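Enquirer: Pasting in a structure now, in C-alpha cells, and then I'll have a few things to ask.
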Amino acid sequence: MPERVTGAGRYAPSPSGDLHLGNLRTALLAWLFARASGRDFLIRIEDLDRARDSGSAARQLADLAALGLDWDGEPVLQSERGADHDAAIAQLAGAGLVYECFCTRKDILAAPTAPHAPPGAYPGTCRELSDAERAAARERILPRRPALRLRVPAGTAAPGYTDLVLGEQTRGEIDDLVLRRGDGTVAYNLAVVVDDAAMGIDQIVRGDDLAPSTPRQILLQRLLGLPSPPAVAYAHVPLVLGPDGKRLAKRDGAVTLAELREQGVTPDRVRTELAASLGLAAASDADGVTAAQLIQRFDPDQLPRTPLTWRPAAANG
C-alpha cells in the first residue's frame, strides 16, 4: 500500500442529476490519484446553487460506492459552509478588493472589452463608480441586488502552475471575477478555494473543462493567504465525449449506472471498461478488475491526454 501522507484529494459533484460515465471516470481518477499517493479521499457535495439541486446527492454517493470507491469521513455539504465563505469575502473587502457590480450578463456581453480579453470577460464597468453612482444603481436594479466582484490588483497576471496532466500552464490577464451573485449565492471560484483549504485538500483532480478557472482560484488562494501551487497540486483530466463529439450527456443514451443496469451492464463491468479507457485494464481482465487492483496499476504519467469517445456498444461488448 502507498505510504500515508498528509493531505487529501477529493471529488466534488453538484447534485444536479445522476452521475454519467464521464463524471464517474473523473471520480475514479480523483480516487486513484489520492489513494495511489497515500492521501485521504474526501467527498464534497457542491449544492450552493439551489435552482440546480435535483436531490440526487444520495444516488450519486451510492453510484460511487457501487463502482468500488470509498472515502474518508462524512461527505461535506457546501451549503453548510456559508460562514467561511462570508468570512473570506469580508477579508477581501477589508483589503479593499471587493466592489458592487450592477451589470447583467447582457450588459457584459454588449460592453467593449480589452483587445485580448476572452469572450465574456468583465470590462470593469462598475469598478470605479462613485458613492453617488453606486447608490443610484442600487435603486435602479431593485428588487435585484448587486453582485460582488473581486477588484483584481492592477497589473496582475494570471498565475502559472504545473498541471500533473496538462503540464506547464500560463495564461493572460484575470478579469474582476464574481464572488457573490446578485441572488446571494456564493460564486464557485470563491467557494471551492475556501472549502478545499478548510478540508485540507492539496490535490485537486477534475475535468479539463475547469482548467481555465484555475488561475482565478490560485489568485484567490494567494489573496486569502491559503495554500497554493506548488503546495496544492492540480490534475485536469480529459473529458468523456458522446458519439457526436460533444461532452457526454443524457442524449447519448444509457450513460448512468442505473440505465446501464437496465441493460444488464453491472457496475463491475463499467469499472473495468473505464479502467480500460485509462490503460489500466486489458483483455486479460475479462472477469473484471477491482478498484484495489487499479491502485497498484495506476501511473499518472501514462494516462491518456485526449478525450474518450464513449460508444454504448463498448459497455455491452
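Enquirer: Out of everything in the stretch 131-163 that is of a type in the set (Lys, Arg) and farther than 12 Å from Glu100 by Cα, what residue ends up being nearest to the chain's Cα centre (by Cα)?
Expert: Step one: of the stretch 131-163, the residues of a type in the set (Lys, Arg) are 134, 138, 140, 144-145, 149, 151.
Checking the rest, the ones that are also farther than 12 Å from Glu100 by Cα come to 140, 144.
Details: Arg140: 35, Arg144: 28 Å.
Only one residue tops the list, namely Arg144.
Enquirer: Considering only residues that are acidic (Asp, Glu) and assigned to a strand (DSSP E or B), look in the stretch 164-180 and name the one that is farthest from Arg144 (Cα to Cα). Break it down into steps so the answer makes sense when it comes.
Expert: First pass over the stretch 164-180, keeping only residues acidic (Asp, Glu): 168, 173, 175-176.
Right, trim to assigned to a strand (DSSP E or B) and you get 168, 173.
Details: Glu168: 41, Glu173: 30 Å.
Among them, the one singled out is Glu168.
Enquirer: Please verify whether the stretch 175-195 includes one or more residues that are out of contact with any Phe, Trp or Tyr (no Cβ under 8 Å at 6 or more places or on another chain), surrounded by fewer than 18 Cβ atoms within 10 Å (Cβ to Cβ) and among the aliphatic types (A, V, I, L, M).
Expert: Checked the stretch 175-195: no residue is out of contact with any Phe, Trp or Tyr (no Cβ under 8 Å at 6 or more places or on another chain), surrounded by fewer than 18 Cβ atoms within 10 Å (Cβ to Cβ) and among the aliphatic types (A, V, I, L, M).
Yes/no per residue for (1) among the basic types (Lys, Arg); (2) modelled with pLDDT of 95 or more; (3) surrounded by fewer than 19 Cβ atoms within 10 Å (Cβ to Cβ); (4) touching a strand residue (DSSP E or B) at 6+ places or on another chain (Cβ under 6 Å):
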position	(1), (2), (3), (4)
Pro112	no, no, yes, no
Pro115	no, no, yes, no
Tyr122	no, no, no, no
Pro146	no, yes, yes, yes
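Enquirer: Here's something else I'd like to know. Go through the stretch 16-40 and give me each residue that's under 20 Å from Ala66 (Cβ atoms), surrounded by 22 or more Cβ atoms within 10 Å (Cβ to Cβ) and more than 12 Å from the chain's Cα centre (by Cα). Before the answer, list the steps.
Expert: Just the residues of the stretch 16-40 that are under 20 Å from Ala66 (Cβ atoms), to begin with: 16-32, 34-35.
Retained after the next criterion (residues that are surrounded by 22 or more Cβ atoms within 10 Å (Cβ to Cβ)): 19-32, 34.
Leu19, His20, Leu21, Gly22, Leu24, Arg25, Leu28, Leu29, Trp31, Leu32, Ala34, listed by residue number.
Enquirer: Among Gly225, Gly288, which is more than 19 Å from the chain's Cα centre (by Cα), exposed (fewer than 13 other Cβ atoms within 10 Å of the Cβ), of a type in the set (Gly, Ala, Ser) and in a loop (DSSP other than H, G, I, E, B)? Before you say what the answer is, go through the steps one by one.
Expert: Working: Gly288 fails: exposed (fewer than 13 other Cβ atoms within 10 Å of the Cβ).
Only one candidate passes the filter, namely Gly225.
Enquirer: Which is in contact with a Cys (Cβ under 8 Å, 6 or more places away or on another chain) and hydroxyl-bearing (Ser, Thr, Tyr), of Thr125, Thr162? Lay out the reasoning, then the answer.
Expert: Numbers: Thr162 fails: in contact with a Cys (Cβ under 8 Å, 6 or more places away or on another chain).
Residue meeting the stated conditions: Thr125.
Enquirer: Right, here's the next one. Can you tell me how many residues within the stretch 41-58 are assigned to a helix (DSSP H, G or I) and either buried (at least 22 other Cβ atoms within 10 Å of the Cβ) or not basic (Lys, Arg) (or both)?
Expert: Here is the first cut: in the stretch 41-58, the residues assigned to a helix (DSSP H, G or I) are 50-52, 57-58.
Next, only the ones that are either buried (at least 22 other Cβ atoms within 10 Å of the Cβ) or not basic (Lys, Arg) (or both) stay: 51, 57-58.
So the answer is 3.
Enquirer: Taking Tyr11 as meeting all but one of (1) surrounded by fewer than 21 Cβ atoms within 10 Å (Cβ to Cβ); (2) hydroxyl-bearing (Ser, Thr, Tyr); (3) within 29 Å of Ala147 (Cβ to Cβ), write down the number of the exception.
Expert: (1)
Enquirer: Right, another one. On the given criteria, is Arg35 in a helix (DSSP H, G or I), without any contact (Cβ under 8 Å) to a residue 40 or more places away in the chain, basic (Lys, Arg) and in contact with a Phe, Trp or Tyr (Cβ under 8 Å, 6 or more places away or on another chain)? Quick ask: steps written out before the conclusion?
Expert: Numbers: in a helix (DSSP H, G or I): yes; without any contact (Cβ under 8 Å) to a residue 40 or more places away in the chain: no; basic (Lys, Arg): yes; in contact with a Phe, Trp or Tyr (Cβ under 8 Å, 6 or more places away or on another chain): yes.
Criteria not met by Arg35.
Enquirer: Taking the stretch 170-202, which residues are out of contact with any Leu (no Cβ under 7 Å at 6 or more places or on another chain), at negative phi and without any contact (Cβ under 8 Å) to a residue 60 or more places away in the chain?
Expert: Thr170, Arg171, Gly172, Glu173, Asp175, Arg181, Gly182, Asp183
Enquirer: Going by the conditions given, is Val205 buried (at least 20 other Cβ atoms within 10 Å of the Cβ), modelled with pLDDT of 95 or more, in contact with a Leu (Cβ under 6 Å, 6 or more places away or on another chain) and not in a helix (DSSP H, G or I)?
Expert: Taking the combined requirement at face value, the residue satisfies it.
Enquirer: For the stretch 7-51, enumerate the residues that are more than 23 Å from Glu273 (Cα to Cα), touching a strand residue (DSSP E or B) at 6+ places or on another chain (Cβ under 8 Å) and not small (Gly, Ala, Ser).
Expert: Pro15, Arg39, Asp40, Leu42, Ile43, Arg44, Ile45, Asp47, Leu48
Enquirer: For Asp252, indicate whether it is at pLDDT below 95, under 11 Å from the mean Cα position of the chain (by Cα) and within 22 Å of Leu28 (Cα to Cα).
Expert: Working: at pLDDT below 95: yes; under 11 Å from the mean Cα position of the chain (by Cα): no; within 22 Å of Leu28 (Cα to Cα): yes.
No; evaluated as a whole, the condition is false for this residue.
Enquirer: Could you check Leu294 against (1) of a type outside the set (D, E, K, R); (2) more than 22 Å from Gly17 (Cα to Cα); (3) in a loop (DSSP other than H, G, I, E, B); (4) touching a residue at least 40 places away in the same chain (Cβ under 8 Å) and say which number it fails?
Expert: Status for Leu294: all satisfied but (3).
Enquirer: Looking at Gly73, is it buried (at least 22 other Cβ atoms within 10 Å of the Cβ) and either modelled with pLDDT of 95 or more or under 23 Å from Leu260 (Cα atoms) (or both)? Break it down into steps so the answer makes sense when it comes.
Expert: Details: buried (at least 22 other Cβ atoms within 10 Å of the Cβ): no; either modelled with pLDDT of 95 or more or under 23 Å from Leu260 (Cα atoms) (or both): yes.
No; evaluated as a whole, the condition is false for this residue.
The values are calculated or read from the model by the stated rules, or taken from the named source; none is laboratory data. This one's a predicted model, so the numbers in the text were calculated from it and none came from an experiment. In this analysis, Cβ positions are derived from the backbone assuming ideal geometry, glycine residues included, and neighbour counts consider all displayed protein chains.
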